[in-house]
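The values are calculated or read from the model by the stated rules, or taken from the named source; none is laboratory data. Here the structure is a predicted model, which is why all the values come from computation and not from measurement. Every residue, glycine as well, gets a Cβ built from its backbone with ideal geometry; the counts of neighbours run over all protein chains shown. Keep in mind that these areas ignore ligands, DNA and RNA; they rest on the heavy atoms of the full protein, side chains included. Shrake-Rupley method; radii C 1.70, N 1.55, O 1.52, S 1.80 Å.
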Amino acid sequence: MKTTYSITIGWLYPDLMSTYGDRGNIITFRKRCAWRGIQTTLIPIDSSLNAEKIGEMDFIFGGGSQDLEQELVMRDLKGKKSEAIRQKIEKGTPALFVCGSPQLMGHYYEPAEGKRIEGLGIFDITSVHPGIDMPRCIGNTVGSVIWDNLGTSEPDNFIVGFENHGGRTYLGKTAKPFARVIRGYGNNGVDKTEGVVYKNAIGCYYHGPFLPKNPSVSDFITRRIIEVKYGEKIDLAPLSDALENAARKTLFERFGV
Amino acid sequence: MRTRLAFLSGKIMDVFIRLFHLGAGSTWPGEIALRIDAFFIRRILSGSKIRTIIVVGTNGKTTTSSMITYGLVKAKKTVIHNPEGANLANGVASALIRGATLGGTLTSDFAVLEVDENAFTQVIRDIPSPSAVVFLNLFRDQLDRYGEVHAIAARWKEALSNIPSTTKLVVNGDDPQLVFLSKDKASQTTYFGAPQKDKKKIQLGHDVDSIYCPVCGKKLTYDLVSYSHLGVFHCTCGFKSPFISTNEEVSLPGFAGVYNRYNMNGALATLSVTLRKNPHAARELLDGFAPAFGRQERVNARGRDWILLLSKNPAGFNQSIQAVPELLQNKKSTVVLILNDRIPDGTDVSWIWDVEFENVSRFATDIIATGDRTYDMAIRMKYCFEKEDGERVEAIANLEEALSTAAKKQSSEVPIILLATYTGMLDARELLVGKKLL
């Protein structure tokens, strides 16, 4: 008899950090699990949550926020909740932070106006907004994951999405990038790195619905979660990703990749 | 002298464009005038008694300003109105040039101007004492171009700081950001909202933007919600919904949805303050009003009836989807979804994940996804279903093929529902009725 797997997802501040379709990641991840008989439970990590609950989580997700909301988030996150999240990541709990949330998981973020915001220090990165008059990094983006092999063939290793960020992120000495930029700006528009990884936590500037068009990343995270939680490797039943493959193919052609 | 030259250049351009049918919504005459004289708008208005009404907001600008124009014309006023899409400073200037006599005089009673949310700050500098400003709503829309909602609200508030006390502000009192915007201007503000029956005790959706108190930053308590972040709200700091004077009976034939009842109440409030009429008398001015292009517009093509619903952002799309059962009289039909990512649509299509497309399955017999981002749209629909079959979602990248497939599938008398982003609507309309604009 096979084990019935179940995954508890912690979603950072769904009300405050869901700027532009971020929940697409949650919808995609949960449906892909459900279609393989893996149960999922969703717990919002917000002001009403007791920090101890974070200990029960198998996967942590964070999306983007506007500046005002970012401040509210950090006010609530400081202290017990930050500590609980840091411990989870240290123990190898998989996490995905997209859009603005990796900035909060780094050492600090310097906005265009106002004070420096101290981050959780999970990723060895710093982020700086170069000034209100500097152009934002906006547009479609394609990358190649260099952290780990997500799929079996090269195109499966490609990620595609949209970025829209004012801040520029710089990797510290110990930080490993998540991907290499093929089209777009990436972390800072200069060094061709995209995102950052630490243990099983991924941070990247791809915003909003990152997983829907990158199902291999979604499945990769699912496998890692099962490995960490149950200590066993799992082969996920294949799903028909015909639409996803067509979407990726069309976009790669359009961007000349 | 400079202004005269600016005007004449623009006027000649306008006559030329009209003579050769080069496009009704052209912004070139205004663009040329503004290049010659940056203060052109201010100067042409200063010598005239024309009263300006500015309509601004994320959604509903075209419908509301068309309604105001319609009402004013019915009240025997002469009106200049900028066509849809020509809502930046150059579009405003073009409308004024077109409406002026050859001598450069504006003789009309009113100019009703819909203004892009990002151009508002500039336009209000050029039109420093409008007769009325109508604030409809503020939703997230095309963050790739406009930046965040709070930043826009802050700019609007600043722009309002110099507004004279004679300008009437007509404000959606169900939108917390807009109430905050007009907080210190209570004596010149009229608040409108949705009818009571549209406000319910429901959970906020995923398309919300402004649910935090703009005064103190705490989460607002919503007693009632109409849609998105619009409703009856209060905060522990004392910030709360204002008194709203709203028409309860706002309906027109073939005109569905809460968002249209907001548009209509906004138009009625504006007509009532500018014409000094009571709301009931203002209501009669709107009899016979027909929807603007792509706004629940009905066309007959290829032997089928189609209802075209233009939507540009999550709040707009949700509202269109919610209006469909009302439009179809609870029958089911084929649904065509057109998602484009050109500049007028917004180049980022992430927002489709904030739309409750799950609700489409309730009235769709078949779903066809098409447009520049056919597969993004199809993937979104695939994840609306419990099972991984996606059988009811067809991805057809070619728009013509998508439309002919829809016409083939739909055999009944029930109209086909077509939901599209801006350029998708233009393209589909051209294919269906053979011309881009009315």
Subject >> Residue selected from the stretch A:198-214 under the condition open to solvent by less than 10 Å² (accessible area, probe 1.4 Å) and outside any loop (DSSP other than H, G, I, E, B), by the criterion farthest from the other protein chains (Cβ to nearest Cβ) >> reply: A:Ala201
**OP:** Within the stretch B:374-391, track down each residue that is within 31 Å of the chain's Cα centre (by Cα) and more than 7 Å from chain A (Cβ to nearest Cβ).
**Re:** B:Thr374, B:Met377, B:Arg380, B:Met381, B:Cys384, B:Phe385
Original post:
Quick one: B:Thr365 ticks every box in (1) within 14 Å of another protein chain (Cβ to nearest Cβ); (2) open to solvent by 50 Å² or more (accessible area, probe 1.4 Å); (3) hydroxyl-bearing (Ser, Thr, Tyr) bar one, so which box is it?
Top reply: (1)
Original post:
If the Cβ limit is 6 Å and pairs must be 6+ apart or interchain, which residue in the stretch B:239-255 that is touching a residue at least 40 places away in the same chain (Cβ under 8 Å) pairs with which residue that is assigned to a loop (DSSP other than H, G, I, E, B)?
Top reply: B:Phe239/B:Cys213; B:Phe239/B:Val215; B:Pro242/B:Gly173; B:Ile244/B:Gly173; B:Ile244/B:Gly193; B:Thr246/B:Gly193; B:Glu248/B:Pro195
**OP:** Kindly indicate whether any position in the stretch B:24-34 is open to solvent by less than 20 Å² (accessible area, probe 1.4 Å), touching a Ser or Thr at 6+ places or on another chain (Cβ under 8 Å) and aliphatic (A, V, I, L, M).
**Re:** yes
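For (1) out of contact with any Pro (no Cβ under 8 Å at 6 or more places or on another chain); (2) at pLDDT below 95, each residue gets a yes or a no:
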residue	(1), (2)
A:Tyr185	yes, no
A:Lys199	yes, yes
A:Tyr205	no, yes
A:Pro209	yes, no
A:Asn214	yes, no
A:Arg223	yes, yes
A:Lys233	yes, yes
A:Pro238	yes, yes
Subject >> Residue check for B:Leu337: at negative phi and out of contact with any Ser or Thr (no Cβ under 8 Å at 6 or more places or on another chain) >> reply: no
Original post:
Has the stretch B:349-357 got any residue that is of a type in the set (Asp, Glu) and facing chain A (nearest Cβ under 9 Å)?
Top reply: yes
**OP:** Quick one: A:Phe61 ticks every box in (1) at pLDDT below 95; (2) within 23 Å of B:Met381 (Cα to Cα) except a single one, so which number is it?
**Re:** (1)
**OP:** Kindly indicate which of B:Thr121, B:Thr166 is hydroxyl-bearing (Ser, Thr, Tyr) and in a helix (DSSP H, G or I).
**Re:** B:Thr121
Original post:
Of the conditions (1) open to solvent by less than 20 Å² (accessible area, probe 1.4 Å); (2) over 21 Å from the mean Cα position of the chain (by Cα); (3) at pLDDT below 90, B:Val149 fails just one. Which one is it?
Top reply: (2)
Subject >> Any strands (runs of 3 or more DSSP E) falling wholly within the stretch A:1-69 and containing at least 2 residues that are within 14 Å of chain B (Cβ to nearest Cβ) >> reply: A:39-45
**OP:** Select, from B:Val232, B:Val273, the only residue that is open to solvent by 10 Å² or more (accessible area, probe 1.4 Å), more than 24 Å from B:Val360 (Cα to Cα) and part of a helix (DSSP H, G or I).
**Re:** B:Val273
Original post:
So is B:Val414 assigned by TED's automatic domain parsing to the domain that holds B:Leu309, within 30 Å of A:Arg32 (Cα to Cα) and open to solvent by 10 Å² or more (accessible area, probe 1.4 Å) or not?
Top reply: no
Original post:
Is it the case that some residue within the stretch B:421-436 is away from chain A (no Cβ under 11 Å), part of a loop (DSSP other than H, G, I, E, B), touching a Lys or Arg at 6+ places or on another chain (Cβ under 8 Å) and surrounded by fewer than 17 Cβ atoms within 10 Å (Cβ to Cβ)?
Top reply: yes
**OP:** Pull up the stretch B:120-136, narrow it to residues that are open to solvent by 10 Å² or more (accessible area, probe 1.4 Å) and of a type outside the set (D, E, K, R), then point me to the one that is modelled with the lowest pLDDT.
**Re:** B:Pro128
**OP:** Among residues belonging to the stretch B:192-222 that are among the aliphatic types (A, V, I, L, M) and within 12 Å of another protein chain (Cβ to nearest Cβ), point out the one that is farthest from A:Arg23 (Cα to Cα).
**Re:** B:Leu220
Subject >> Residue satisfying condition, being of a type in the set (S, T, N, Q), in the same structural domain as B:Val73 (by TED's automatic domain parsing) and farther than 24 Å from B:Ile50 by Cα, within set B:Asn278, B:Asn260 >> reply: B:Asn260
Subject >> Selection from the stretch A:219-248 of residues that are in contact (Cβ under 8 Å) with a residue 24 or more places away in the chain and within 11 Å of another protein chain (Cβ to nearest Cβ) >> reply: A:Ala237, A:Leu239, A:Asp241, A:Glu244, A:Ala247, A:Arg248
Original post:
Restricting to the stretch B:378-389, what's the tally of residues that are touching a Phe, Trp or Tyr at 6+ places or on another chain (Cβ under 9 Å) and buried (at least 24 other Cβ atoms within 10 Å of the Cβ)?
Top reply: 2
Original post:
Has the stretch B:60-73 got at least one residue that is under 17 Å from B:Ala132 (Cβ atoms), free of Cβ contacts under 8 Å to residues at least 24 places away in the same chain, more than 16 Å from the chain's Cα centre (by Cα) and open to solvent by 50 Å² or more (accessible area, probe 1.4 Å)?
Top reply: yes
